[in-house]
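Here the structure is laid out as structure tokens; the discussion comes afterwards.
The values are calculated or read from the model by the stated rules, or taken from the named source; none is laboratory data. Keep in mind it's a predicted model, so treat the numbers as computed, not measured. Please note: Cβ atoms are built from the backbone with ideal geometry, for glycine as well, and neighbour counts cover all protein chains shown. Side chains are part of the model used for accessible areas, which takes the heavy atoms of the whole protein and leaves out ligands, DNA and RNA. Shrake-Rupley method; radii C 1.70, N 1.55, O 1.52, S 1.80 Å.
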Amino acid sequence: MYLGLDSSTQSLSALVIDPTSGSIIADQSVNFGNDLPEYSSPSGFIPGGRDGEVHANPLMWLDALDLLLGKLAEVTDLSKIEVIAGSGQQHGSVYLGKSFERAVGGLSPSGSLSSQLSGSFSRKTSPIWMDTSTGEECAEIAATMGGNSEVCARSGSVMIERFTGSQIRKFSKADPDAYDATGRIHLVSSFIASVLAGESVPIDFGDGAGMNLLNLMDLKWDGKLLDATAPALSEKLPPAASCLTPVATISSYFSEKYGFSEDCRICPFTGDNPASLVGMGATTPGQVVISLGTSDTFFAAMPDAKTDPEGFGHVFGNPAGGFMSLICFRNGSLAREALRDELGADWSDFDSAALSGTKGSAGNNLTLPFYGAEITPRHDFEKPVSEFSEDPSPGLRIRSLLEGQFLNMRLHSAWMGVETKRILLTGGASKNDGIAQIVADVFQAPVERLEIANSAALGAALIAAAAGGRDLSTLQLIFCKPAAGSRLEPDTSLAGNYSTALDGFQKLLQKSV
Ligand code: XUL
């Protein structure tokens, strides 16, 4: 049996799979807000951060690990777990003092993780991916490197506030003594893996690519980027490695306390997006995952480390080999909800209006679907801009907003140069057939929805099984099945409408930014 863990923003989840029977043996999770109210972090981070700072308490993640494994041990014989792999929310960083290695290697099962490791941090809180406070540091690093295009060519992304490099720089400037006292900097993913291993383990390439520090050509830390970021950084980072190769066995704390076998192996943990790519069964080029959430994300496998010339998209490592893109669109559900409220509509209106009622107008009206600042493209929009060729009924406004969202995605993912053969739609709004049909029509590709809810934890469990010698693509055929009846075919008669609309959308965008 194999265990996948996912440490996300709001919860820590575990999924145990048995590849021989093709079944999920256990599925447990701990919600930081509900299960650990003493950390006063209802959404997984400390509320009220100033000037764009968003931090979380790493002790909360440790308590969650104890709580989760305790729950899991009640329902599963953990001695049967051969390999553990995992994923973490990307970009977040954990700062450990020089005593960490000794403390984590000598944990006693009679105490808790948090009580025994609370003295090991050189920074009490961890900046996470929602932090936007490092604009100044991004500009400084980009200037030292000779510009953002150089940063992008090396690391796969221009300098991004939430990425780890600028966060490390900010800490080194704000508190140089604490920075000097830092012996190890981990990502959320590599921190949890290190605790399980009882020693610092490597950072996975896939997750490491979200730091603005890894050189995508040789998958090693980039000396020039490290120097531009903070002093002596190379001494503080663990090496980078693949999440598919186990690097340690589990520490005696976990075997004695929760019944794991002493031979249970630990893989480097990857990021939640690379793990989701695996869990959605989308690790080969041609498959695209679109996740419709508060923000919408688009991610897809890529054979080469091609970068976005406009600098909006990111390149991470694909756990199955090669690379993946990740593109974030901030006006996702936020925009859909804003229009719904403006029209006094509900989601069923999105379904019927978007489907049958307005199909004759597909691609005829254009809307830039932005109710606020957007990151793809990066611009401070205030409200949507529309060009209607007919009277804009509520149904048409809904269709036009949705078309605008997916035309914007199609336009800003073209740099990957990968033909979209199949779209896997996930996230809250993916259940809506009207929205899903518009995705299929705009991209002219079939849309499928999978049964699984936590694709990152499933992806981690599949990585564990692959690291244990199972074939990843066979595992994906077994575990990543589309839900029955979820497939929608594109209406190919609309191909011309949407390629004309794509040109029109691009022109409208150029006029407006
Ligand atoms: C990706 C990103 C988020 C986090 C949290 O760049 O910031 O998706 O990984 O899920």
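Here are a few things to note about the model shown:
- Förster radius 41 Å - calculated FRET efficiency between Ala181 and Arg378 (Cβ-Cβ, nearest 0.05): 0.70
- Annotation: Trp129 carries an accessible surface of approximately 100 Å², with a 1.4 Å probe and no ligand, DNA or RNA atoms counted.
- If you count Lys pairs in region 162-308 whose Cα atoms are under 20 Å apart, skipping same-chain pairs closer than 8 places in sequence, the total is 7.
- For the chain, the longest principal axis of the Cα atoms and the long axis of helix 394-413 meet at an angle of about 50 degrees.
- Pairwise FRET efficiency - Ala495 versus Thr132, Cβ, R0 = 56 Å, nearest 0.05: 0.90
- Shown here for region 62-126: trypsin sites (Lys or Arg not before Pro) in loop regions (DSSP other than H, G, I, E, B) with at most 15 other Cβ atoms within 10 Å, namely Lys98, Lys124.
- Rolling a 1.4 angstrom probe over the protein heavy atoms with all chains in place gives region 244-394 an accessible area of 38 Å² per residue.
- Stretched out straight at 0.36 nm per residue, the stretch from Val385 to Glu310 would grow longer than its current Cα-Cα span by 24.8 nm.
- Across the accessible surface of region 150-214, with the other protein chains kept in place and a 1.4 Å probe, carbon and sulfur atoms take up 46 percent.
- Entry comment: accessible area of region 13-55 is 50 Å² per residue, from protein heavy atoms only and a probe of 1.4 Å.
- For region 301-376: rounded, prolate or oblate by the Cα gyration tensor [a/c cutoff 1.5]: prolate
- Of the solvent-accessible surface of region 1-124, computed with a 1.4 Å probe over protein heavy atoms with every protein chain present, carbon and sulfur atoms account for 47 percent.
- Each Lys or Arg adds one and each Asp or Glu takes one away; over the other residues whose Cβ falls under 9 Å from the Cβ of Ile435, this sums to 0.
- Fraction of accessible area attributable to carbon and sulfur, region 425-487 (%, probe 1.4 Å): 52
- Shape of region 104-194, Cα gyration tensor, a/c cut at 1.5: prolate
- Altogether, the Stokes-Einstein calculation at 25 °C and 0.890 mPa s, with the Kirkwood radius of region 223-296 over Cα pairs as Rh, returns a diffusion coefficient of 152 µm²/s.
- Relative to the longest principal axis of the Cα atoms of the chain, the long axis of helix 188-197 lies at roughly 30 degrees.
- Cα gyration tensor category, rounded, prolate or oblate, for region 402-507 with a/c compared to 1.5: prolate
- Applying D = kT/(6 pi eta Rh) to the chain, where Rh is the Kirkwood radius over alpha-carbon pairs, T corresponds to 25 °C and eta to 0.890 mPa s, the Stokes-Einstein value obtained is 105 µm²/s.
- Note, ³J(HN,Hα) from phi for region 272-279, Karplus 6.51, -1.76, 1.60, rounded to Hz, x at Gly and Pro: 5, 6, x, 5, 5, 4, 5, x
- Folded to 0 to 90 degrees: helix 433-443 orientation relative to the chain principal axis, Cα: 80
- Placing a label point 7 Å from the Cα of Ala143 along the Cα-to-Cβ direction, the residues of region 199-234 with a backbone N closer than 15 Å are 228-229.
- Within the chain, helix-based [θ] at 222 nm, where runs of 4 or more DSSP H residues each add -39,500 (n - 2.57), nearest 500: -11000 deg cm²/dmol
- Environment charge at Ser189 (Cβ cut-off 9 Å; Lys +1, Arg +1, Asp -1, Glu -1): -3
- Charge dipole (the chain, unit charges on Cβ, about Cα centre) - positive-most of Leu69, Gln28, Ala248: Ala248
- Length released on extending from Ala453 to Asp346, taking residue separation times 0.36 nm less the Cα-Cα span: 36.2 nm
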